[in-house]
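A.B. asks: Before anything else, here's the structure in question.
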Amino acid sequence: MNNTNSNKNSDIFNGLNKNQCLAVESLNGPLLIIAGAGSGKTKVLSHRIANLIDNSVLPHNILALTFTNKAAKELRNRIAQLIGYEKAKYIWAGTFHSIFARILRSEAESMGYTSAFSIYDTDDSSAQIKQIIKSLNISDKSINATNVRNKISSLKNKLISAKEFTSKAETIEEKYISKIYNEYEYIVKNNNAMDFDDLLLNIIYLLRQDKGILEKYQKLFRYILIDEYQDTNKAQYITIQLLAKAHQNICVVGDDAQSIYRWRGAEISNILNFNKDYPYSKIIKLEQNYRSTKTIIEAAHHIILNNHHQLAKKLWTENPQGDKIIIHQCADDREESFKITSIIQDEVRRGMNYNDIAVLYRTNAQSLSLENTLRMQKIPYDIIGGISFYKRKEIKDVLSYLTLLVNDKDSEAFRRAINEPPRGIGLTSLRNLQLYSEFNNTTLLDACKNIEHIPEIKGKAANSALEFYKMISEYKTIIQENCNGDTISDYINATGIIQMYEEIASDDAYDRIRNIEQLLIDIDNYFDENELSTLDDYLQQISLITDIDNKDLDDNKTSLMTLHTAKGLEFPVVIIVGVEKGLFPLERTRLNQEEEEEERRLFYVGVTRAKEKLYITYALRRAKFGEISNQGPSKFVSEIPKEYTNRAFSTGMSFTDTESKKSISRAKYDNNVNEYSQIAPDDNYSQIPNKINSFKVGDKVRHQNFGKGKIIQISGYGSQLKANVSFENVGVKVLMLQFAKLEKL
DNA sequence: GACCTGCTGATTTTT
DNA sequence: TCAGCAGGTC
């Protein structure tokens, strides 16, 4: 094939600038594309892939890796638009984690896993580590599960195995960590599970363990494209090298100025040294920005100039000059919140929609006081990020029940499921089950099956352990034969978890039931759409998606999110808040040049999200950990040349109205339904079957578990419709009609 | 095994 | 300030 395209397909090159064309044309050999913010990176990637296919490369020979599902989805859509879905679907386009999981699944046996291995998220890992700390009897205060998990994760990202770390460990703390790390490695493998880091690591082990396998994938992935290359860690870097070694058809796209994940192992040197790793590489710079006004681009440029380590480039745009950046100094965080709401209101009055506006902050904690004010002023908003749906306790519990059906080795899933609802199997019984299973080399579930051989567990505990086993194995058969929304729903009902929350009957419990119900609806939809899929397909897929992937930025709501989350997005109006000393850049980065540069890149990312208007706010006083702290504007503010800014100062108004603040400040965590914020996926409940509206006081009914009873009171409305039912055998229960499946007698 | 209380420590978090 | 959890009590 020619390196330059002779038979230009007009669609592929339509609307591309010179450098974009160059990038799309250069098909063979190593290529580094430095793509500044808003320079059409995804466009270039998708058009380059289309061009590969236009030059007779088969879709399944192309590997395109991104960091987020969102980026992957967008890339896939754009490719499909260019070449049609039929061809596009064979391209290996996805996140590092999902593509690697897919490969590992098909090669699982050769690595001592089954293809239904579980994928542990950070919470699962932490829980497992907590368990290990307990079992090793480590009482050292400095050893806590989250810290150890982070430490182990960063070791894994640097490809340092437990064994290797053990030989290096010097301090007492390191020795403890190496002990935990060894145990963790062993247990997770034994659980037939991989954590997020393992997905990256095991690929390397797989490719290194067997030359045949390496060659197989080198041949398969003849053309490799990597998005956000500046964010790759060592494991990803090595995998890419292994795969690209033979053919060197590797194209990486990135922007060192937007590298903001150093703290989780990203090595900016990977992009800075690309031309050393691949000596014959071509470098193409995309410097024309199509997103922002001249003012914003110029300001961003001056900010990033303060960083020393970077690749030379200068973003420019043909867009209009645009408005100046407005910097608001506020007396305190209360006033800042009001300022933000008035900015939003003004912009809406001028014709913007709420969803044209984004508020970006450095730390999640900042969203709280902001939310209060937004609610009071009736501004519709949506928090992006934060607590994920899939991390909710009840969701994880239900998923654990499902996991046990496909991976009975998963002790983490077992531990979650066994006592939710409480079955009278406490810590002591659990420990005995564990001892038995370790001694006899069986799963915990098998230990339940053989409960009669464990004399330490008797009575109620023994009985319910056996029942637990029976339930799991019964549904394992049912769901293996017939995997769909109905059988799974039956199973979850049989576990008693919904009934448990019905009995608790608090608002919180009803929220949890609704979340479970939402999950069951999702599962039902999944199996409707993917008839050939199995339960482990579903579980692996779900374990790699995040909340953000499901957020609908098209809803007419203002988005609130951290600066990190905002990467890759754009909004006509952006408000960066809390740009003050000690908060942004964070206090602890003050004396560390590298960390400060990363904070500056984060600020740069924030600024370049704005298309038309940028606001920056800071407060002179802020409540921090219950104390008032005084600070001035961030040094970043003064790095923007004055010619691009307009400054506004505090009016000196004082806000003493703290009552309303208190009453709603918890709402975020309470997951309340309200008309201004969509935190839980509540909207799907607007379609309530009419059936439940037909119940009235005095009706005689039957409940699956509670038997016969009579409705004595009805309260709530819509999805919240509840009935107080007096049952013949179990007394009065409050039930949500939507889920109680009451039968009219 | 479930519940209460008092202590601790608190960045960012693509997967 | 305030959520999460370890450790004590019933």
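A.B. asks: In Å², what does the accessible area per residue of region A:412-497 work out to with a 1.4 Å probe?
C.D. replies: 51 Å²
A.B. asks: Could you sort A:395-405, A:521-531, A:564-574 so that the peptide with the highest average Cβ count within 10 Å comes first and the rest follow in order?
C.D. replies: Taking the mean over residues of other Cβ atoms within 10 Å, the ranking is A:395-405, A:564-574, A:521-531.
A.B. asks: Let me ask something additional. Provide the solvent-accessible area of A:TRP316, counting protein heavy atoms only and rolling a 1.4 Å probe, rounded to the nearest 10 Å².
C.D. replies: Accessible area, nearest 10 Å²: 110 Å².
A.B. asks: Assuming a strict under-20 Å limit between Cα atoms, what lysine pair count do you get for region A:186-255 once near-sequence pairs (fewer than 8 apart, same chain) are dropped?
C.D. replies: Value for region A:186-255: 5.
A.B. asks: Going Cα to Cα from A:LYS708, which lysines come in below 29 Å? Please leave out same-chain ones fewer than 8 positions away.
C.D. replies: Partners within reach: A:LYS460, A:LYS470, A:LYS691, A:LYS696, A:LYS700, A:LYS722, A:LYS733, A:LYS741, A:LYS744.
A.B. asks: Which ³J(HN,Hα) values, rounded to whole Hz and listed in residue order, are derived for region A:305-312 from phi using the Karplus coefficients 6.51, -1.76 and 1.60 in 6.51 cos²θ - 1.76 cosθ + 1.60 with θ = phi - 60°, glycine and proline given as x?
C.D. replies: Rounded to whole hertz, the list is 4, 6, 8, 8, 8, 6, 7, 5.
A.B. asks: Let me ask something else. Could you let me know the centre-to-centre spacing of region A:389-467 and region A:161-182, using Cα atoms, in angstrom?
C.D. replies: First find each Cα centre; the distance between them is then 30 Å.
A.B. asks: Assign unit charges at the C-beta atoms only (+1 for Lys and Arg, -1 for Asp and Glu), then state the dipole size of chain A relative to its Cα centre in Debye, rounded to the nearest 20.
C.D. replies: Approximately 920 debye in magnitude.
A.B. asks: Calculate, in nm to one decimal, what A:ASN77 and A:ASN150 gain on full extension: separation in residues at 0.36 nm each, minus their alpha carbon distance.
C.D. replies: Working it through step by step, the gained length comes to 22.8 nm.
A.B. asks: Express in Å², to the nearest 10, the accessible area of A:ARG415 obtained by rolling a 1.4 Å probe over the protein heavy atoms while all chains stay in place.
C.D. replies: 40 Å²
A.B. asks: About the Cα centre, and with charges only on the beta carbon of Lys, Arg (+1) and Asp, Glu (-1), how big is the dipole of region A:77-116? Nearest 20 debye, please.
C.D. replies: Dipole size: approximately 200 debye.
A.B. asks: Given a cut-off of 24 Å, name the pairs among A:LYS151/A:LYS313; A:LYS43/A:LYS567; A:LYS130/A:LYS458; A:LYS43/A:LYS70; A:LYS18/A:LYS313 whose C-alpha atoms lie farther apart than that in the structure shown.
C.D. replies: Too far apart for the 24 Å limit: A:LYS151/A:LYS313; A:LYS130/A:LYS458.
A.B. asks: Give me the accessible area of A:LYS168, 1.4 Å probe, in Å² rounded to the nearest 10.
C.D. replies: 110 Å²
A.B. asks: Given axes a ≥ b ≥ c from the Cα gyration tensor, I'd like to know whether chain A is rounded (a/c under 1.5), prolate (a/b larger than b/c) or oblate.
C.D. replies: Because a/c hits 1.5 or more and a/b fails to exceed b/c, chain A counts as oblate.
A.B. asks: Another question about this same structure. Over region A:301-401, with every protein chain in place, what whole percent of the accessible area is carbon and sulfur at 1.4 Å, could you tell me?
C.D. replies: It is 52 percent, rounded to a whole number.
A.B. asks: A:CYS251's amide H: which non-local residues (gap 5+, or another chain) put their own amide H closer than 5 Å, with H modeled 1.01 Å from N in plane and none for Pro or chain starts?
C.D. replies: It is A:LEU31, A:ILE224, A:LEU225, A:ILE226, by chain and number.
A.B. asks: Among A:SER342, A:ILE326, A:HIS309, pick out the residue whose Cα is farthest towards the positive end of the charge dipole of region A:309-348, where Lys and Arg carry +1 and Asp and Glu carry -1 on C-beta, about the Cα centre.
C.D. replies: A:HIS309
A.B. asks: Could you name the lysines whose alpha carbon sits less than 16 Å from that of A:LYS89, not counting residues in the same chain fewer than 8 places away?
C.D. replies: The qualifying lysines are A:LYS73.
A.B. asks: Determine the gain in length on full extension of the stretch A:ASN525-A:ILE213; use 0.36 nm per residue of separation and subtract their C-alpha separation, reporting nm with one decimal.
C.D. replies: Contour length minus the Cα-Cα distance gives 108.7 nm.
A.B. asks: Further, regarding this structure: Under a Cβ-only charge scheme (Lys and Arg +1, Asp and Glu -1), can you give me the dipole magnitude of region A:234-340 about the Cα centre, in debye to the nearest 20?
C.D. replies: With Lys and Arg at +1 and Asp and Glu at -1, about 500 debye.
A.B. asks: Take the solvent-accessible surface of the protein heavy atoms, probe 1.4 Å, and return the percent of it on region A:404-507 that carbon and sulfur atoms account for.
C.D. replies: 48 percent
A.B. asks: Could you pull out every residue, at least 5 positions away or on a different chain, whose amide H is within less than 5 Å of the one on A:ASP195? Hs are placed 1.01 Å off N in the peptide plane, and Pro or chain starts have none.
C.D. replies: Answer set, sorted by chain and number: A:TYR120.
A.B. asks: Compute the distance in nm between two label points, each set 7 Å from the Cα along the Cα-to-Cβ direction, one at A:ASN353 and one at A:GLN480.
C.D. replies: 5.0 nm
A.B. asks: While we're here: Determine the calculated [θ] at 222 nm for chain A from helices alone, applying -39500 (n - 2.57) to every DSSP H run no shorter than 4 residues and normalising by the residue count; nearest 500 deg cm²/dmol.
C.D. replies: Taking each H run of at least 4 residues, the total per residue is -13500 deg cm²/dmol.
The values are calculated or read from the model by the stated rules, or taken from the named source; none is laboratory data. The structure presented is a predicted model; accordingly, all values stated were derived computationally and were not measured. All Cβ positions, even for glycine, are placed from backbone atoms using ideal geometry, and neighbour counts span all protein chains on display. To get the accessible areas, we keep the full protein, side chains included, count just its heavy atoms, and leave off ligands, DNA and RNA. Shrake-Rupley method; radii C 1.70, N 1.55, O 1.52, S 1.80 Å.
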